[in-house]
Amino acid sequence: MSNPSPEFEAFDGAAARLYCGSRPDAREDWPFGPDVLVFKVGGKIFALLNFNDPAGLSLKCDPDRAEMLRELYPAIAPGYHLNKRHWNTITLDGSVPAAECVALIDHSYELVAPKKKRRSS
């Protein structure tokens, strides 16, 4: 897992896009239209980002960890239009620390990245 970058004092939609796009072999796509930016690795989705105000970031998550996060942070809810057991949506309103957001992006990436990509990240 990467160490959170101090450059993200506030984690908003722009920071989420920058960090998701920096993951090894991450690709941006717009398969659901102009409202949702999708990040894929190895052809699999690891993040979905909408730019509402505030932005929302949906990430894959271990089911037990997903439940714990929902209890800990009011801004983390079951995945919007996704499998509620395996996905969380974070409202990027500043209430979830940047370090936690970065760790959750890394976790989601690790869950879907091909094994050879995981070792190199």
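Kindly indicate whether A77 is assigned to a helix (DSSP H, G or I), out of contact with any Cys (no Cβ under 8 Å at 6 or more places or on another chain) and of a type outside the set (S, T, N, Q). Judged against the criteria, A77 is not a match. Among the residues of region 13-31, those that are in a helix (DSSP H, G or I) and free of Cβ contacts under 8 Å to residues at least 40 places away in the same chain comprise A14, R17, L18, G21. Within region 49-61, can one find any residue that is out of contact with any Phe, Trp or Tyr (no Cβ under 8 Å at 6 or more places or on another chain) and either farther than 26 Å from A10 by Cβ or in contact (Cβ under 8 Å) with a residue 60 or more places away in the chain (or both)? No; the residues of region 49-61 include none that is out of contact with any Phe, Trp or Tyr (no Cβ under 8 Å at 6 or more places or on another chain) and either farther than 26 Å from A10 by Cβ or in contact (Cβ under 8 Å) with a residue 60 or more places away in the chain (or both). Scanning region 32-65 for residues that are of a type outside the set (D, E, K, R) and not in a strand (DSSP E or B) yields F32, G33, P34, G42, G43, F51, N52, P54, A55, C61, P63. For F11, the conditions (1) at pLDDT 95 or above; (2) under 12 Å from the mean Cα position of the chain (by Cα) are fulfilled apart from (1). If you check L59, L72 for being of a type outside the set (D, E) and either surrounded by 14 or more Cβ atoms within 10 Å (Cβ to Cβ) or at pLDDT below 95 (or both), only one passes: L59.
The values are calculated or read from the model by the stated rules, or taken from the named source; none is laboratory data. Remember, it's a predicted structure, so these values are computed and weren't measured experimentally. Cβ atoms come from the backbone with ideal geometry, glycine included; neighbour counts cover every protein chain shown.
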